[in-house]
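A short worksheet on the structure shown next.
The values are calculated or read from the model by the stated rules, or taken from the named source; none is laboratory data. This one's a predicted model, so the numbers in the text were calculated from it and none came from an experiment. Here the Cβ positions follow ideal geometry from the backbone for every residue, glycine too, while neighbour counts run over all protein chains shown. Just the protein is used for accessible areas: all its heavy atoms, side chains included, with ligands, DNA and RNA removed. Shrake-Rupley method; radii C 1.70, N 1.55, O 1.52, S 1.80 Å.
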Amino acid sequence: MASIYTCIECGTNLNLSTACLYPPDFYFEAGNKGTLSFSSIDSTKFRFEKEDKIRPFFETLNYWGIQRKRTKIICNSCGRLVGYVYDDGPPLTNSPGQFHMGPSQVIPRAPRYRFKTKALRIASET
């Protein structure tokens, strides 16, 4: 049974596939609370805006930083902010990391499309 994800503001079908949905217990540095994470999306349904802020920010209790670089995902139809793109998805290569000391920021990672559940209307398709 698949789900249909629409924008809560305008009701536009966002073409988000449940096959690309990460499981809710999948670990990401930026957390999962109140969000749904996808590995790929239909980019024709969205507009993307870069965001670069230099000030302290907190994603979770143990994850914080000074500079936040992320990309906003905005509904093409109504202009509502529905989520963000993060670069903390699974590693793109099977590398042991810099100096062979485990994963690091040097390893390229797949983008993760993180949608707020408050911005989506989820309906089941039978």
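With the cut-off at 18 Å, tell me which of the pairs K33/K118; K45/K72; K33/K53; K45/K116; K72/K118; K50/K118 have Cα atoms farther apart than that. From K33/K118; K45/K72; K33/K53; K45/K116; K72/K118; K50/K118, over 18 Å: K33/K53; K50/K118. If R0 is 30 Å, the Cβ-Cβ spacing of R55 and K33 corresponds to a FRET efficiency of close to 0.90.
3J(HN,Hα) couplings calculated from phi for region 45-53 with the Karplus curve 6.51 cos²θ - 1.76 cosθ + 1.60 (θ = phi - 60°) are, in sequence order, 8, 10, 10, 10, 10, 6, 10, 9, 10 Hz; Gly and Pro show x. Within the shell of other residues whose beta carbon sits under 14 angstrom from the beta carbon of G79, the net charge comes to +2, with Lys and Arg scored +1 and Asp and Glu -1. Computed with a 1.4 Å probe over protein heavy atoms only, the accessible surface of region 1-48 comes to 57 Å² per residue.
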